[in-house]
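Heads up, the thing below is written out as C-alpha cells.
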Amino acid sequence: MHRCAQKNLLAMNDTNQQTLYKLTENDLNALLAALDQSALVAITDAKGDIIYVNKKFVEVSQYSFYELLGQNHRILKWGDEFRELYADMWKTISEGRMWRGDVKNRAKDGTPYWVDATISPIFDADGKIEKYVAVRLLITEKKLAEKEINNRIEETEKLNRLMVDRELKMVEIKEKMKKMEVELAECKSGHKA
C-alpha cells in the first residue's frame with residue numbers, strides 16, 4: 001500500500017479503517033481479475049527471480065507456474081540483440097525508478113511475442129528494494145502491423161525511386177533524340193551548327 005494511504009489509514013478511527021479496508025480489498029480483487037484477463041503480471045525478488053506470475057503470463061509464455069517460479073526472466077529472453085535495453089532496464093529499476101519499454105520475448109515453444117512492459121520496484125519498510133512488479137501488455141499484433149507498414153513504406157519508396165529513375169532516363173533519352181533530330185536536320189540541310 002502506498003505510504004500516503006497508510007498514513008491516512010492510521011489517522012482514521014477503527015470503524016472507518018474497516019470500511020476503507022473492505023473497499024480496498026474489493027477494489028484490489030476487481031483489479032486483479034481485470035489484470036488476469038488482459039495483462040501478464042509477474043513479481044520477482046530483488047535479484048530478479050520470479051516469485052509470482054498470473055494466469056495470463058503462464059498462458060502466453062507457455063511455461064507452467066512451477067516452471068517459472070525461481071527462474072530469472074532471462075528464460076524468456078529473445079536474444080542478445082536487446083542487450084542495451086536489458087542493461088538500461090536493470091539499471092533503472094535497481095536505482096528505484098520505474099521502467100517502461102517494449103520487449104521481445106520467447107515463449108517456451110520458441111514463438112516470439114512482444115510486450116509493453118512496466119516494471120516498478122517495491123520497497124520494504126527501510127526503503128530498500130524488496131521486490132519488483134512487472135505488468136506487461138501484449139503488443140505482438142501491433143508490432144507485426146508496424147513491421148508490415150514499414151515493409152510497405154520501403155516497397156513504396158523503392159518503387160518511387162524506380163519511377164524517378166525511369167523518368168530521368170526518359171528525359172535523357174528525349175534529350176538525345178532531340179539532339180539527334182537536330183543533327184539529322186543539319187545533315188539534310190548540309191551544314192552543322
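The values are calculated or read from the model by the stated rules, or taken from the named source; none is laboratory data. The structure displayed is predicted, hence computed values, not measured ones. Methodologically, a virtual Cβ is constructed for each residue, glycine included, from the backbone with ideal geometry; neighbour enumeration extends over all protein chains shown. The protein model used for the area step is the full one, side chains on, heavy atoms only, and it has no ligands, DNA or RNA in it. Shrake-Rupley method; radii C 1.70, N 1.55, O 1.52, S 1.80 Å.
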Subset of region 51-66 [open to solvent by 70 Å² or more (accessible area, probe 1.4 Å) and either under 21 Å from Thr140 (Cβ atoms) or in contact with an Asp or Glu (Cβ under 7 Å, 6 or more places away or on another chain) (or both)]: Ile51, Lys55, Glu59, Gln62
Within region 67-77, the residues that are open to solvent by 50 Å² or more (accessible area, probe 1.4 Å) and either farther than 15 Å from Lys104 by Cβ or not in a helix (DSSP H, G or I) (or both) are Glu67, Leu69, Gly70, Gln71, Lys77
From the list Glu175, Glu155, Glu146, Glu84, which residue is surrounded by fewer than 10 Cβ atoms within 10 Å (Cβ to Cβ) and out of contact with any strand residue (DSSP E or B) (no Cβ under 6 Å at 6 or more places or on another chain)? Glu84
Matching residues in region 112-143 - criterion: being under 18 Å from the mean Cα position of the chain (by Cα) and surrounded by fewer than 12 Cβ atoms within 10 Å (Cβ to Cβ): Glu141
For Glu95, work out the one condition from (1) among the charged types (D, E, K, R); (2) surrounded by fewer than 16 Cβ atoms within 10 Å (Cβ to Cβ); (3) touching a residue at least 40 places away in the same chain (Cβ under 8 Å) it doesn't fulfil. (3)
Matching residues in region 32-50 - criterion: being loosely packed, with under 14 Cβ neighbours inside 10 Å, under 16 Å from Arg136 (Cβ atoms) and of a type in the set (A, V, I, L, M, F, W, C): Leu32, Ala34
So which residues in region 16-51 are part of a helix (DSSP H, G or I) and either at pLDDT 95 or above or basic (Lys, Arg) (or both)? Lys22
